[in-house]
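Here's the structure, in structure tokens; my notes come after.
Just so you know, all these numbers are worked out from the coordinates, no wet-lab data involved. If you're wondering where the values come from, they're calculated on a predicted model, not measured in any experiment.
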Amino acid sequence: MSATSTKPEPTPLVVVDSAAAPAGTPPNRRLIGIVVVIALIAVGIGGRMWYSSHYFVETENAYVSGHVHPVSSRVAGVVTRVVVEDNQRVKAGDVIAELDPADQRVKVEQIEAQIASAEQQVLQAEATIAQVKAQASGAQAQVAQSQAQLQRTRQDADRYGQLYNTQMKAVSKAELDAANAARAGATADLAARRDNVLAAQAQITAAGSGRDVLKAQVKVLQTQLKDARQQLAYNQIIAPVAGRIGKRSVEVGARVQPGQQLAAIVQDEVWITANFKETQLAGIVPGQAVHVVVDAMPDHPLVGRVDSFSPASGNQFALLPADNATGNFTKVVQRVPVKIVLLPEDVRQLAGRLVPGMSALAEIELRQKAAPAAHAAAPVAAATR
């Protein structure tokens, strides 16, 4: 019997129709929930971005500004004393430093001596005028005397002339000649006396002019003395305003020149300068409330109001503004500085911590109504409550 080998028959493939699969398989509800939440979050973020872009404008290009007053010397000199320290608070009129006053003091004494000498010359000129006036008065008296003498000699000459003529010779010819000579001498003497009076009057005028010149010199010297005393007072360098000392560079022994900055005084009054894009300015008006956050104090949000706009963009005030007339012009959105004043109570509360130069963020709601300029602080505070 022969052995025969049997092969296993192949298993037939069974194709299951999906349509014939059992219906009603439950979907993954957790996955659907996550997708729905993500969609809601995206819608919320998009809605918030749309709302903020339409009704709010903000800028991070903002910083704290304030009044920084440079303190410099008005005269040259050597520093002999420095009164203030870094960051010290001073009041207007406080002495910051002192210079050596020796040179200015010597100049003051020199001018005072010149004034004293000129005043003595004025007194001497007045005495000369008085003397010349006395001489003129004496000359006037001599003129009167000469006039009387001339009158008498004229009468004598007339009488002698009547007594000596072709019909009568009651006097001698010598007596007549003597009378005529006396009259001529009296006339000449009167003329000389009058010339003396004129000379005395001219001397009075000259002496008065010399005295006036000396008085003018005294006034000039007094003006120079006033300037010298003022220069002497400038040896004390005074604080022009109240505030805090910063950037102190003066030391004892240093020689300073006029106009050289020795320190700076920063006042407590500060505000925010926010550089908004020109495309953001359409809805910004003075008086609107501004939400301000200073980077150094994020937990202390501040409230301010729009005070005013810069008269030009920042590019116009640049040292080298762009020349848009060139052929390779590229339009760039410009920024315009906007001044934002803060509430006084916030500034007082943060006095000493809110200093110029700090970076800030400013945000303005465009739908709000602008507060009146005269009463902006109160409405701003009300708008933030």
Q) Where a Cα-Cα gap under 27 Å defines reach, which lysines qualify for Lys331, not counting those fewer than 8 residues away within the same chain? A) Lys277, Lys339
Q: Classify segment 211-253 as rounded, prolate or oblate from the Cα gyration tensor: take a ≥ b ≥ c as the square roots of its eigenvalues, call it rounded if a/c is under 1.5, otherwise prolate when a/b beats b/c and oblate if not.
A: prolate
(Q) Sequence gap at least 6, Cα distance under 8 Å: using those rules, report the relative contact order of segment 101-233 to the nearest whole percent. (A) 49 percent
